[in-house]
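The values are calculated or read from the model by the stated rules, or taken from the named source; none is laboratory data. From a predicted model like this one, the values you see are computed outputs, not experimental measurements. Virtual Cβ from ideal backbone geometry, glycine too; neighbours counted across all protein chains shown. Just so you know, the surface numbers come from the protein's heavy atoms only, side chains and all, with ligands and any DNA or RNA stripped out. Shrake-Rupley method; radii C 1.70, N 1.55, O 1.52, S 1.80 Å.
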Amino acid sequence: MVGKILGTGSYVPAQIWYNDKLAEMVETDDAWIRERTGIKARHIASGEETTAYLAAGAARAALENAGLGAEEIELIIVATVSPGTLVPCTACEVQRMIGASQAVCFDLNAACTGFLFALNTAQAYLSQGIYRRALVVGAECLSHLTDWNDRGTCILFGDGAGAAVLEAQSGGSYAQVAHSLGEKGGVLTCLSANRQGGQEDVFLHMDGGEVFKFAVSKVPEVIRELLDREGISENEIDLFVLHQANARIVGAVAKRFGGDSGKFPINISEYGNTSSASIPILLDELNRAGKLKRGMKLVLAGFGGGLSYGASVIVW
(Lines give C-alpha, C1' and ligand atoms only; values in the text may rest on other atoms or scores of the structure.)
Protein backbone atom coordinates (compact mmCIF):
# COMPACT_ATOMS: atom_id res chain seq x y z
CA MET A 1 0.00 0.00 0.00
CA VAL A 2 1.11 3.53 -0.70
CA GLY A 3 -0.45 6.90 0.03
CA LYS A 4 -1.60 8.47 -3.23
CA ILE A 5 -2.22 12.21 -3.29
CA LEU A 6 -5.90 12.76 -4.06
CA GLY A 7 -5.98 16.51 -3.69
CA THR A 8 -3.98 19.60 -2.77
CA GLY A 9 -4.81 22.98 -1.31
CA SER A 10 -3.21 26.19 -0.13
CA TYR A 11 -4.08 29.36 1.73
CA VAL A 12 -2.13 32.59 2.01
CA PRO A 13 -3.08 35.83 3.78
CA ALA A 14 -4.50 38.60 1.65
CA GLN A 15 -2.07 41.16 3.07
CA ILE A 16 1.06 41.47 0.89
CA TRP A 17 4.26 43.26 1.79
CA TYR A 18 6.35 44.16 -1.24
CA ASN A 19 10.05 44.86 -0.97
CA ASP A 20 9.45 48.59 -0.90
CA LYS A 21 7.59 48.12 2.39
CA LEU A 22 10.70 46.58 3.95
CA ALA A 23 12.82 49.41 2.57
CA GLU A 24 10.85 51.68 4.91
CA MET A 25 11.87 49.53 7.88
CA VAL A 26 15.52 48.60 7.27
CA GLU A 27 18.36 49.70 5.02
CA THR A 28 17.53 47.79 1.85
CA ASP A 29 15.80 48.18 -1.49
CA ASP A 30 13.87 46.13 -4.00
CA ALA A 31 16.81 45.52 -6.33
CA TRP A 32 19.08 44.33 -3.48
CA ILE A 33 16.48 41.84 -2.23
CA ARG A 34 15.61 40.49 -5.67
CA GLU A 35 19.25 40.04 -6.65
CA ARG A 36 20.13 38.05 -3.52
CA THR A 37 16.95 36.06 -2.98
CA GLY A 38 14.59 36.26 -5.96
CA ILE A 39 11.85 37.55 -3.64
CA LYS A 40 9.67 40.52 -4.53
CA ALA A 41 6.75 40.01 -2.10
CA ARG A 42 5.53 37.98 0.86
CA HIS A 43 2.10 37.43 2.46
CA ILE A 44 1.72 38.57 6.07
CA ALA A 45 -0.99 37.27 8.39
CA SER A 46 -3.43 39.67 9.99
CA GLY A 47 -4.32 39.50 13.66
CA GLU A 48 -7.05 36.87 13.31
CA GLU A 49 -5.08 34.72 10.85
CA THR A 50 -3.34 32.28 13.18
CA THR A 51 -1.22 29.37 11.99
CA ALA A 52 -4.19 27.08 12.60
CA TYR A 53 -6.45 29.42 10.60
CA LEU A 54 -4.09 29.27 7.61
CA ALA A 55 -3.74 25.50 7.96
CA ALA A 56 -7.49 25.00 8.07
CA GLY A 57 -7.93 27.11 4.93
CA ALA A 58 -5.42 24.96 3.05
CA ALA A 59 -7.01 21.79 4.44
CA ARG A 60 -10.49 22.74 3.24
CA ALA A 61 -9.14 23.49 -0.24
CA ALA A 62 -7.33 20.14 -0.36
CA LEU A 63 -10.42 18.23 0.75
CA GLU A 64 -12.53 19.97 -1.89
CA ASN A 65 -9.92 19.16 -4.53
CA ALA A 66 -9.90 15.52 -3.39
CA GLY A 67 -13.70 15.28 -3.35
CA LEU A 68 -13.75 14.14 0.28
CA GLY A 69 -15.45 15.29 3.45
CA ALA A 70 -13.49 16.14 6.59
CA GLU A 71 -15.15 13.28 8.46
CA GLU A 72 -13.42 10.82 6.09
CA ILE A 73 -9.94 11.83 7.29
CA GLU A 74 -8.39 9.53 9.91
CA LEU A 75 -5.01 11.24 10.44
CA ILE A 76 -3.99 14.90 10.48
CA ILE A 77 -0.33 15.93 10.69
CA VAL A 78 0.57 19.60 10.72
CA ALA A 79 4.20 20.56 10.13
CA THR A 80 5.01 23.93 11.69
CA VAL A 81 7.67 25.84 13.61
CA SER A 82 5.29 28.71 14.40
CA PRO A 83 2.23 27.31 16.19
CA GLY A 84 -0.10 29.85 17.72
CA THR A 85 -0.30 27.68 20.84
CA LEU A 86 1.81 24.79 22.06
CA VAL A 87 -1.28 23.17 23.60
CA PRO A 88 -3.61 22.39 21.95
CA CYS A 89 -1.45 21.47 18.99
CA THR A 90 -2.19 23.07 15.63
CA ALA A 91 -3.42 19.77 14.15
CA CYS A 92 -6.12 19.50 16.83
CA GLU A 93 -7.14 23.08 16.12
CA VAL A 94 -7.42 22.22 12.43
CA GLN A 95 -9.52 19.17 13.29
CA ARG A 96 -11.91 21.40 15.24
CA MET A 97 -12.08 24.07 12.54
CA ILE A 98 -12.80 21.72 9.64
CA GLY A 99 -14.91 19.15 11.52
CA ALA A 100 -12.60 16.14 11.03
CA SER A 101 -14.03 14.38 14.08
CA GLN A 102 -12.64 10.93 13.19
CA ALA A 103 -8.99 11.99 12.87
CA VAL A 104 -6.09 11.51 15.25
CA CYS A 105 -3.95 14.65 15.23
CA PHE A 106 -0.43 15.78 16.02
CA ASP A 107 2.14 18.39 15.03
CA LEU A 108 5.64 17.82 13.65
CA ASN A 109 8.55 20.26 13.80
CA ALA A 110 11.33 19.76 11.26
CA ALA A 111 11.59 23.42 10.22
CA CYS A 112 11.70 23.93 6.46
CA THR A 113 11.87 20.16 5.90
CA GLY A 114 8.67 19.77 7.90
CA PHE A 115 6.16 19.00 5.17
CA LEU A 116 8.48 16.43 3.64
CA PHE A 117 9.02 14.67 6.98
CA ALA A 118 5.27 14.82 7.73
CA LEU A 119 4.59 13.25 4.34
CA ASN A 120 7.05 10.46 5.16
CA THR A 121 5.30 9.92 8.49
CA ALA A 122 1.84 9.75 6.92
CA GLN A 123 3.14 7.29 4.32
CA ALA A 124 4.38 5.01 7.09
CA TYR A 125 0.94 4.91 8.72
CA LEU A 126 -0.86 4.39 5.42
CA SER A 127 1.47 1.71 4.10
CA GLN A 128 0.96 -0.33 7.28
CA GLY A 129 -2.81 -0.13 6.98
CA ILE A 130 -3.16 1.74 10.28
CA TYR A 131 -5.10 4.54 8.61
CA ARG A 132 -6.66 4.82 5.17
CA ARG A 133 -6.81 8.57 4.58
CA ALA A 134 -4.53 11.30 5.87
CA LEU A 135 -4.31 15.08 5.69
CA VAL A 136 -0.79 16.52 5.72
CA VAL A 137 -0.39 20.27 6.17
CA GLY A 138 2.57 22.63 6.25
CA ALA A 139 1.62 25.95 7.84
CA GLU A 140 3.58 28.94 9.12
CA CYS A 141 3.13 32.42 10.53
CA LEU A 142 6.83 33.27 10.36
CA SER A 143 6.04 36.98 10.60
CA HIS A 144 5.49 36.33 14.32
CA LEU A 145 9.09 35.09 14.64
CA THR A 146 10.78 37.64 12.38
CA ASP A 147 12.88 40.52 13.70
CA TRP A 148 11.76 43.29 11.36
CA ASN A 149 14.86 45.29 12.29
CA ASP A 150 17.23 42.56 11.05
CA ARG A 151 17.93 43.11 7.37
CA GLY A 152 19.55 39.69 7.02
CA THR A 153 16.38 37.76 7.89
CA CYS A 154 13.34 40.02 7.56
CA ILE A 155 13.59 40.09 3.77
CA LEU A 156 13.25 36.30 3.56
CA PHE A 157 10.16 35.05 5.32
CA GLY A 158 6.42 34.99 4.68
CA ASP A 159 3.23 33.33 5.95
CA GLY A 160 1.07 30.66 4.34
CA ALA A 161 -0.11 27.07 4.35
CA GLY A 162 -0.31 24.16 1.94
CA ALA A 163 -1.94 20.75 2.28
CA ALA A 164 -2.29 17.36 0.64
CA VAL A 165 -4.88 14.61 1.11
CA LEU A 166 -3.56 11.06 0.82
CA GLU A 167 -5.36 7.74 0.49
CA ALA A 168 -3.82 4.29 0.92
CA GLN A 169 -4.01 2.39 -2.37
CA SER A 170 -2.47 -0.79 -3.69
CA GLY A 171 0.24 -0.38 -6.29
CA GLY A 172 2.16 2.80 -6.85
CA SER A 173 5.41 3.68 -5.17
CA TYR A 174 6.91 6.07 -2.66
CA ALA A 175 10.55 6.31 -1.67
CA GLN A 176 12.42 8.71 0.56
CA VAL A 177 15.82 9.52 2.02
CA ALA A 178 16.20 11.87 4.98
CA HIS A 179 19.07 13.03 7.19
CA SER A 180 19.71 15.32 10.15
CA LEU A 181 22.90 17.11 11.20
CA GLY A 182 22.31 18.18 14.79
CA GLU A 183 25.89 19.35 15.22
CA LYS A 184 25.17 22.09 12.65
CA GLY A 185 21.92 23.23 14.27
CA GLY A 186 23.33 26.50 15.56
CA VAL A 187 23.37 28.13 12.12
CA LEU A 188 19.56 28.45 12.14
CA THR A 189 17.83 28.94 15.48
CA CYS A 190 14.80 30.36 17.23
CA LEU A 191 15.06 30.32 21.02
CA SER A 192 12.02 29.80 23.23
CA ALA A 193 10.41 32.57 25.26
CA ASN A 194 11.68 30.91 28.45
CA ARG A 195 15.27 31.08 27.17
CA GLN A 196 15.02 34.60 25.86
CA GLY A 197 13.07 36.15 28.71
CA GLY A 198 10.06 37.44 26.79
CA GLN A 199 7.94 36.81 23.73
CA GLU A 200 9.22 39.96 22.05
CA ASP A 201 12.72 38.44 21.95
CA VAL A 202 11.76 35.23 20.17
CA PHE A 203 13.18 35.69 16.70
CA LEU A 204 14.68 33.58 13.94
CA HIS A 205 18.47 33.85 13.73
CA MET A 206 20.39 32.55 10.73
CA ASP A 207 23.91 32.38 9.42
CA GLY A 208 22.89 32.89 5.81
CA GLY A 209 26.21 31.95 4.29
CA GLU A 210 26.39 28.63 6.12
CA VAL A 211 22.78 27.77 5.28
CA PHE A 212 23.40 28.55 1.62
CA LYS A 213 26.49 26.31 1.49
CA PHE A 214 24.60 23.55 3.29
CA ALA A 215 21.68 23.71 0.86
CA VAL A 216 23.62 23.78 -2.41
CA SER A 217 25.74 20.87 -1.20
CA LYS A 218 23.28 18.59 0.57
CA VAL A 219 20.16 18.93 -1.59
CA PRO A 220 21.79 17.59 -4.78
CA GLU A 221 23.56 14.97 -2.65
CA VAL A 222 20.36 13.62 -1.10
CA ILE A 223 18.49 13.66 -4.41
CA ARG A 224 21.31 11.70 -6.03
CA GLU A 225 21.36 9.26 -3.10
CA LEU A 226 17.63 8.64 -3.51
CA LEU A 227 17.70 8.22 -7.28
CA ASP A 228 20.71 5.91 -7.19
CA ARG A 229 19.18 3.76 -4.47
CA GLU A 230 15.92 3.43 -6.40
CA GLY A 231 17.60 2.89 -9.76
CA ILE A 232 15.94 5.95 -11.29
CA SER A 233 17.66 8.16 -13.85
CA GLU A 234 17.37 11.91 -13.35
CA ASN A 235 15.98 12.02 -16.90
CA GLU A 236 12.96 10.03 -15.68
CA ILE A 237 12.01 12.80 -13.25
CA ASP A 238 9.44 15.17 -14.69
CA LEU A 239 9.65 17.85 -11.99
CA PHE A 240 11.85 18.66 -8.99
CA VAL A 241 9.69 20.43 -6.39
CA LEU A 242 12.14 22.06 -3.98
CA HIS A 243 11.73 24.01 -0.76
CA GLN A 244 11.56 27.67 -1.77
CA ALA A 245 14.20 29.37 0.37
CA ASN A 246 16.21 31.30 -2.21
CA ALA A 247 16.04 31.44 -6.00
CA ARG A 248 19.82 31.12 -6.21
CA ILE A 249 19.67 27.82 -4.30
CA VAL A 250 17.08 26.40 -6.68
CA GLY A 251 19.18 27.55 -9.63
CA ALA A 252 22.33 25.97 -8.19
CA VAL A 253 20.57 22.62 -7.68
CA ALA A 254 19.14 22.77 -11.21
CA LYS A 255 22.65 23.17 -12.63
CA ARG A 256 23.70 19.98 -10.84
CA PHE A 257 20.95 18.11 -12.69
CA GLY A 258 21.42 19.28 -16.24
CA GLY A 259 20.39 22.91 -15.96
CA ASP A 260 16.83 22.45 -17.27
CA SER A 261 15.11 25.21 -15.29
CA GLY A 262 11.73 24.06 -16.62
CA LYS A 263 12.01 21.00 -14.40
CA PHE A 264 12.56 23.17 -11.33
CA PRO A 265 9.41 25.26 -10.81
CA ILE A 266 9.78 28.27 -8.56
CA ASN A 267 7.35 30.65 -6.87
CA ILE A 268 9.46 32.27 -4.17
CA SER A 269 9.11 35.68 -5.80
CA GLU A 270 5.48 35.91 -4.65
CA TYR A 271 5.69 34.25 -1.22
CA GLY A 272 9.20 34.40 0.21
CA ASN A 273 10.37 31.51 2.36
CA THR A 274 7.29 29.97 4.02
CA SER A 275 9.26 27.13 5.63
CA SER A 276 7.05 24.03 6.07
CA ALA A 277 4.44 25.51 3.74
CA SER A 278 6.62 26.15 0.69
CA ILE A 279 6.60 22.69 -0.92
CA PRO A 280 2.84 22.10 -0.58
CA ILE A 281 1.98 25.63 -1.77
CA LEU A 282 4.07 25.07 -4.89
CA LEU A 283 2.63 21.58 -5.35
CA ASP A 284 -0.90 23.00 -5.17
CA GLU A 285 -0.09 25.70 -7.72
CA LEU A 286 1.28 23.10 -10.12
CA ASN A 287 -1.75 20.87 -9.58
CA ARG A 288 -4.31 23.60 -10.13
CA ALA A 289 -2.48 24.87 -13.20
CA GLY A 290 -2.85 21.42 -14.77
CA LYS A 291 0.91 20.83 -14.85
CA LEU A 292 0.75 17.54 -12.92
CA LYS A 293 -0.40 14.52 -14.94
CA ARG A 294 -1.03 11.03 -13.62
CA GLY A 295 2.06 8.89 -13.96
CA MET A 296 4.53 11.78 -13.71
CA LYS A 297 7.51 11.20 -11.44
CA LEU A 298 8.20 14.03 -8.99
CA VAL A 299 11.08 14.59 -6.62
CA LEU A 300 10.21 16.62 -3.52
CA ALA A 301 13.26 17.93 -1.67
CA GLY A 302 13.62 20.09 1.41
CA PHE A 303 16.27 21.44 3.75
CA GLY A 304 16.29 23.60 6.82
CA GLY A 305 16.74 23.96 10.55
CA GLY A 306 17.99 21.09 12.61
CA LEU A 307 19.84 20.94 10.34
CA SER A 308 17.72 18.54 8.35
CA TYR A 309 17.31 17.62 4.72
CA GLY A 310 15.66 14.97 2.59
CA ALA A 311 14.10 13.97 -0.71
CA SER A 312 11.16 11.84 -1.76
CA VAL A 313 10.11 10.52 -5.12
CA ILE A 314 6.41 10.08 -5.85
CA VAL A 315 4.36 9.01 -8.84
CA TRP A 316 1.53 11.49 -9.30
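Brief remarks on what is shown
- Between T28 and any residue 5 or more places off or on another chain, the built amide H atoms are never under 5 Å apart.
- For the chain, the relative contact order comes to 26 percent (Cα pairs under 8 Å, sequence separation of at least 6).
- Available extension along the chain between K291 and E64 is 79.9 nm, counting 0.36 nm per residue and deducting the alpha carbon span.
- Extension reserve of the N267-M25 stretch, reckoned as 0.36 nm per residue once the Cα distance is removed: 84.7 nm
- The 3J(HN,Hα) values that the Karplus relation (6.51, -1.76, 1.60; θ = phi - 60°) gives for region 178-190 are, in residue order, 9, 9, 9, 10, x, 5, 9, x, x, 7, 8, 9, 8 Hz. Gly and Pro appear as x.
- Percent accessible area from carbon and sulfur atoms, region 49-194, protein chains only, probe 1.4 Å: 49 percent
- The calculated FRET efficiency for the pair S173 and E221, based on their C-beta separation and a Förster distance of 35 Å, comes to about 0.95.
- Cubic angstrom per residue, convex hull over Cα atoms of region 75-213: 135 Å³
- Computed from the Cβ-Cβ distance with R0 of 35 Å, the FRET efficiency linking I232 to R151 stands at 0.25.
- Cα gyration tensor category, rounded, prolate or oblate, for region 141-190 with a/c compared to 1.5: oblate
- Mean residue ellipticity (222 nm) of the chain, computed from DSSP H runs ≥ 4 via -39,500 (n - 2.57), nearest 500: -10000 deg cm²/dmol
- Per residue, region 47-144 exposes an accessible area of 38 Å² to a 1.4 Å probe, with every protein chain left in place.
- Å² per residue, accessible surface of region 168-316 at 1.4 Å: 43 Å²
- Remark: region 292-304, residue by residue, has Karplus-estimated 3J(HN,Hα) of 10, 10, 4, x, 5, 9, 10, 9, 9, 9, x, 7, x Hz, where x stands for each Gly or Pro and the curve is 6.51 cos²θ - 1.76 cosθ + 1.60 at θ = phi - 60°.
- Hydrodynamic radius of region 20-89 per Kirkwood, over alpha carbon pairs, in Å: 15.4 Å
- With every protein chain in place, region 268-316: carbon and sulfur % of accessible area (1.4 Å): 50 percent
- Mean Cβ neighbour count within 10 Å, used as a protection proxy, ranking 132-142, 258-268 highest first: 132-142, 258-268
- Rounded to the nearest 20 debye, the dipole magnitude of region 18-63 is 300 debye, with +1 charges on Lys and Arg beta carbons, -1 on Asp and Glu beta carbons, and the Cα centre as origin.
- Note on the chain: Cα convex hull, mean projected area over all directions, 15.2 nm².
- Farthest positive-ward along region 62-190 dipole, Cα basis, beta-carbon charges - from A178, Q123, T153: A178
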